[in-house]
Amino acid sequence: MNLRTFLFPAVSALALAGCAAGPDHIASLPIHDVETGPFLSAESDSVSAAPLPQDWWRLYDDPVLDGLVADALAANTDIRQAVARIDRARAALRGARADRLPQVGLDASAGYGRAPEAQTLPGQDRDGGQFSIGADIAYEVDLFGRVSSGIEAARGDVTAASADAEAVRVMVVADTTRAYADAASAAARLRVARSIVDLLEDSLRLTRLRHDAGYTDGLAVARIESLVEQRMATIPAIQAERRAALFALATLTGRAPAELPADIGARTVPLEIAAPLPVGDGTQMLARRPDVRAAEQRALADGAWIGIARADLYPRITLGGSIGSDATRLGDLFAGGPLGFVLGPLIDWAFPNREPVYARIDAAEANAAGSLAAFDGTVLVALQEAETALSNYARALERRRILVAAVASAERAARIVRAQNREGLVNSLDTLDAERTLAEASAELAEQDAAVSRDQIAVFRALGGGWEQGTGGENGEE
């Protein structure tokens, strides 16, 4: 796929925007028309072309995880910050829309003073009051698109902020699922580590009995003891990893570590979807990824700023009027006699020095070109991340299949050696080697189970799944 093929219309629209003022600068970027086809790394039986479901974490069929994700989406502090940024963008949009409405101002004043003697007729009272009241109204005639372009830019900012919030939600859902999976995988690894220690202690007990009976020397006992202690030493590290994952879950769900419910850590088997993962294709992924949508909307908003800048090449025409009254007594303000009014257009035009305007236009065009380049790069990175995640997942499954076979072979070898050791048919080195091989293979398989869970979640995260319900309406509408 050549990105330039589908980005060329957007670049051409940006160039044409320099030839005309008004809101039609970059009507749209064609991300929904991009045809990437199936993923290159989706050819294995570990994935399917079925569309990715919105609530992908429910594929794990774990009510505890469902509750954690709901808590994270409701209380996560990163999401709250993203929502605040949406509110700020919406406020700016309301301000931009207000420029379409007439601007009305009211003023009133009252005072008491003394006039200079030279300005007062003989016999006239020099002391007195002065009262005034007035109203002004102004309406900008948007002939050259300054107001419309401003609204378009603000609307793009709102939509981009909403997409940014969706990206945060995707991250939070993935991180919450990953932390829960890490805690479950650590519990499974602890179970494996303790079972290895139990097996090794059985071998140590048997070796000590043979030593006491004179069938083996003390070196064999010492070697088995060393292997037992090595495997026992892995347990505290795994326990620390599990606690760290639980603490991360607390933070992600807006809780202090002490407030995390006890049943959150009850799962002791790895989190995994046994069925092929539904991943869709690249076209669906690009339309779904919130970072791609945010880049698109920022490019559109920056294109609108070209129109705002170009509108300054033309007169700013305002229709307005004022009405007011002045009197020396408050009761005379509304008597009708002193009432005055003015109606007419106001033209504001920076002429003949146009260089500042051209400078702003050039800056806006450069900014829009940079946003288009950022959009291009975001699309490429999204495709790369999806392909990489799918490839890593396929390789992780392949490696686990090999390790499952290796553990099965190591268990058979260990059983044979233990039986031969009881009968005195093998030496201590053979026993030690068989036990070490089984311990290493079992621990490696447990770690690979955890890696498979992480790679599964990485696939969903790269595909942009997790939260596709926008926080605002289409085009920034509330």
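Remarks
- Highest mean packing first, where packing is the average number of other Cβ atoms within 10 Å per residue, the peptides 232-244, 149-161, 435-447 line up as 149-161, 435-447, 232-244.
- Under the convention that each Lys and Arg Cβ holds +1 and each Asp and Glu Cβ holds -1, the size of the dipole of region 178-302 around its Cα centre is about 120 debye.
- Rounded, prolate or oblate (a/c below 1.5 giving rounded, otherwise prolate when a/b exceeds b/c) for region 357-434 by Cα gyration tensor: prolate
- Between ALA50 and ALA374, the simple spin-label model (points 7 angstrom out along Cα→Cβ) gives 3.8 nm.
- Whether region 29-107 is rounded, prolate or oblate, judged on the alpha carbon gyration tensor where a/c under 1.5 counts as rounded: oblate
- Here the label points at ALA262 and LEU101, each 7 Å from Cα along the C-beta direction, are separated by 5.8 nm in the simple model.
- Diffusion coefficient (Stokes-Einstein, Kirkwood radius over C-alpha pairs, 10 °C, 1.306 mPa s) for region 133-234: 77 µm²/s, rounded to a whole number.
- Net +/- balance of residues flanking ARG400 in space, Cβ distance below 11 Å, scoring K and R +1, D and E -1: -3
All of the numbers you see were taken from the coordinates with simple rules; none came from a lab. Everything numeric in this text was worked out from a predicted model, so none of it was measured. We place every Cβ from the backbone using ideal geometry, glycine too, and count neighbours over all the protein chains shown.
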